Structure formats: C-alpha cells, structure tokens
Amino acid sequence: MNTQVFFRIYCKTQFYQRVKVVGNKPQLGNWNPTYGLQLLTNESMYPLWFTDYPLELPAYSKLEFKVVIIDDQNCIWECCPNREMNVQSLKQIVIVNYDNPSIQILGIKSLVSEVEFPQIEQNHARKVSIQLQDYMSYTDSDSEEQNSKKSELTNDNSLFPSIKSFNSCIPPIEDLEQDQAEMD
C-alpha cells in the first residue's frame, strides 16, 4: 500500500535557482541532488515551493530528506541535520522551512469516501442541445422550448449535409417520444 506525500517548502532563492528535496528513497534521488524531487513555485506563491504531483512512497516506511537549492554551478544543502519522518496516513503534506530543523506533517483524510452521493434519476437529468448557426454556438438550457428547436446549418454551400436533412428522417416530436419511451 502506497502513501501520497506532498511537500511545501518555505525557501527564499534567487531568480535563477531551483529547490529540490533530496533523500534516502529513489524518488528523492538516493541523496543525489541531480535526481532529487524538483519543486515548483510561481509569482503568487513565492517563497513557497511545492510539489505539483504527489510522491508515492510505501506506507509505514521511514523517510529521511533535506532541502537543496540548486543553480547551474552550485548545490547549497541545508545546514540542519537530516529530517526524518514516518510515512503513515494515505495522504500527507510535509511543511518545512529551509535551514530550520522543524517539520510539520499534516495527514489528509479522504473526504470522498465518507460522503454518500445521491442517485440521479433520469427524469431529473439536464438536457443539453447544440445549435448550429453562422457560427458554432453551444446552448445549455433546461427550457423545453429551447431544447425542442431544430438545429440547422445556415450555409447552403456546405460540403456536409445539413442537420435538417438528418432530422427529416424522424420528426422531432416522434424523436422526443422515442427518447421518453427508452428512458421508461
């Protein structure tokens, strides 16, 4: 059974520097910064660096890691001792400050498994229709009046047959009755 681990690292850097998590697992580069877990940031999140996707680790394993700042020529390791943690819950968020030995681990409960979703009956389903005009337009409506309108192509020089020619096989009212019969 695997556990998903997300990293959130508070680390101030220069514009040309990157932040990686390096540790004792192959996913963390086996202490080689070249193969460490690359973190991301953006203008609104900086100086918070984060993982875009979860790190998959075996549950109940011991994880050791450090944060490393990397540029084209240098690799700057944290001065604090290796961080250690036990991977336990199904999902964990690991929060650390660069060069500060403290570590905060938050377990995330799966909310979806605890919620019962109501069954949706077909007679309450929303209808969607597409109307083709001079330009393609999408309409989404609960209105029977709008849903019963026939779609037509207005360009008579089209290489494709018009929607009207397809609809001429089954009159719209019979088509609606046939749909209702299939749903019952």
Original post:
How much length is gained on full extension from TYR60 to GLN27, taking 0.36 nm per residue of separation minus their Cα-Cα distance?
Top reply: 10.3 nm
Original post:
Of CYS11, CYS75, which has the most accessible area with a 1.4 Å probe, and how do the rest follow in descending order?
Top reply: CYS75, CYS11
Original post:
Where the centre of each part is set by its Cα atoms, how far does segment 4-36 sit from segment 48-106, in angstrom?
Top reply: 7 Å
Subject >> Nearest-0.05 FRET efficiency for ASP72 and LEU48, computed from C-beta distance (R0 22 Å) >> reply: 0.40
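The values are calculated or read from the model by the stated rules, or taken from the named source; none is laboratory data. Values in this document were obtained by computation on a predicted structure and should not be read as measured data. Every residue, glycine among them, receives a Cβ derived from its backbone with ideal geometry; neighbour counts consider all protein chains shown. SASA here: full protein model, heavy atoms, side chains in, ligands and nucleic acids out. Shrake-Rupley method; radii C 1.70, N 1.55, O 1.52, S 1.80 Å.
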